[in-house]
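For reference, the structure is listed below as structure tokens.
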Amino acid sequence: MKNEPGLTVLTIDEHATISPLLAGRLSLIPGLRIIGETANAMLGAELAHQLRPDVILADFRRTGPPRAETYRWLCRISPGSRVVAHTSYLPNGDERTLREAGVSRCILKGSSVKELAEQIIEIGAGPASGRLQ
């Protein structure tokens, strides 16, 4: 499985129905290989540490510690992964805070799967850390 072609992606979304649906749709895109999905942040962190995906597409917002801290923690657990905040909202200043936490890009939900996949592929070609200089 490690030798299969494609950018490896892990999806983590606290909405229990979103993560498997998103993973299923993204798995149909040539060039992407979904290697895990979960609606649980702790399990997502374990999967990120074990699987070391190229890209982690995550939405943390409803439970647990402050959002930026959760993303910072995920970036530390899987330092070679590009972490993407896939969210339905970005309050004022939140994108900068998330980028400073290590997020490579913030993508608002609502774009088509094709547009999302194009951004994931673009992100996968870039550096792992999204930290602002």
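The values are calculated or read from the model by the stated rules, or taken from the named source; none is laboratory data. Note that this is a predicted model, so its numbers are computed, not measured. Positions of Cβ are generated from backbone atoms using ideal geometry, with glycine treated the same way; all protein chains shown enter the neighbour counts.
Answer with yes or no whether Ala117 is among the small types (Gly, Ala, Ser) and in contact with a Cys (Cβ under 7 Å, 6 or more places away or on another chain). Break it down into steps so the answer makes sense when it comes.
Working: among the small types (Gly, Ala, Ser): yes; in contact with a Cys (Cβ under 7 Å, 6 or more places away or on another chain): no.
For Ala117, the condition - among the small types (Gly, Ala, Ser) and in contact with a Cys (Cβ under 7 Å, 6 or more places away or on another chain) - is not met.
For segment 19-56, how many residues meet the condition of being of a type in the set (A, V, I, L, M, F, W, C) and farther than 16 Å from Trp73 by Cβ?
In the first step, residues of segment 19-56 are kept if they are of a type in the set (A, V, I, L, M, F, W, C); the result is 21-23, 26, 28-29, 32, 34-35, 39, 41-43, 45, 47-48, 51, 55-56.
If we keep only those that are farther than 16 Å from Trp73 by Cβ as well, we get 21-23, 26, 28-29, 32, 34-35, 39, 51, 55.
Within segment 19-56, residues that are of a type in the set (A, V, I, L, M, F, W, C) and farther than 16 Å from Trp73 by Cβ number 12.
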Checklist entry - Hey, among the residues in segment 91-133 that are within 13 Å of the chain's Cα centre (by Cα) and at pLDDT below 85, which one's nearest to Val9 (Cα to Cα)? => result Ala128
Checklist entry - Which residues, taken from segment 89-120, are touching a strand residue (DSSP E or B) at 6+ places or on another chain (Cβ under 8 Å) and aliphatic (A, V, I, L, M)? => result Leu90, Leu98, Val103, Ile107, Leu108, Leu116, Ala117, Ile120
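Could you please find all residues in segment 29-51 being under 26 Å from Lys114 (Cβ atoms) and charged (D, E, K, R)?
Applying the first criterion (under 26 Å from Lys114 (Cβ atoms)) to segment 29-51 yields 29-39, 44, 47-48, 51.
Scanning segment 29-51 gives Arg33, Glu37.
Go through segment 89-105 and give me each residue that's of a type outside the set (D, E, K, R), loosely packed, with under 15 Cβ neighbours inside 10 Å and within 19 Å of Arg76 (Cα to Cα). If you could, list the steps in order and put the result at the bottom.
So the first thing to find is which residues in segment 89-105 are of a type outside the set (D, E, K, R), and the list is 89-93, 97-98, 101-104.
Keeping just the survivors that are loosely packed, with under 15 Cβ neighbours inside 10 Å gives 89, 91-93.
Listed by number, the list is empty, since nothing qualifies.
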Item to check | Among the candidates Ala41, Ala58, Ala48, Ala23, residue that is modelled with pLDDT under 90, among the small types (Gly, Ala, Ser) and touching a Ser or Thr at 6+ places or on another chain (Cβ under 8 Å) | outcome: Ala41
Checklist entry - Among the residues of segment 75-90, is any in contact with a Phe, Trp or Tyr (Cβ under 9 Å, 6 or more places away or on another chain) and modelled with pLDDT under 90? => result yes
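Okay, residues lined up against (1) in contact with a Leu (Cβ under 7 Å, 6 or more places away or on another chain); (2) acidic (Asp, Glu); (3) surrounded by 13 or more Cβ atoms within 10 Å (Cβ to Cβ):
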| residue | (1), (2), (3) |
| --- | --- |
| Thr17 | no, no, no |
| Leu26 | yes, no, yes |
| Gly31 | yes, no, no |
| Asn40 | no, no, yes |
| Ala48 | yes, no, yes |
| Pro53 | yes, no, yes |
| Leu74 | no, no, yes |
| Val84 | yes, no, yes |
| Thr87 | yes, no, yes |
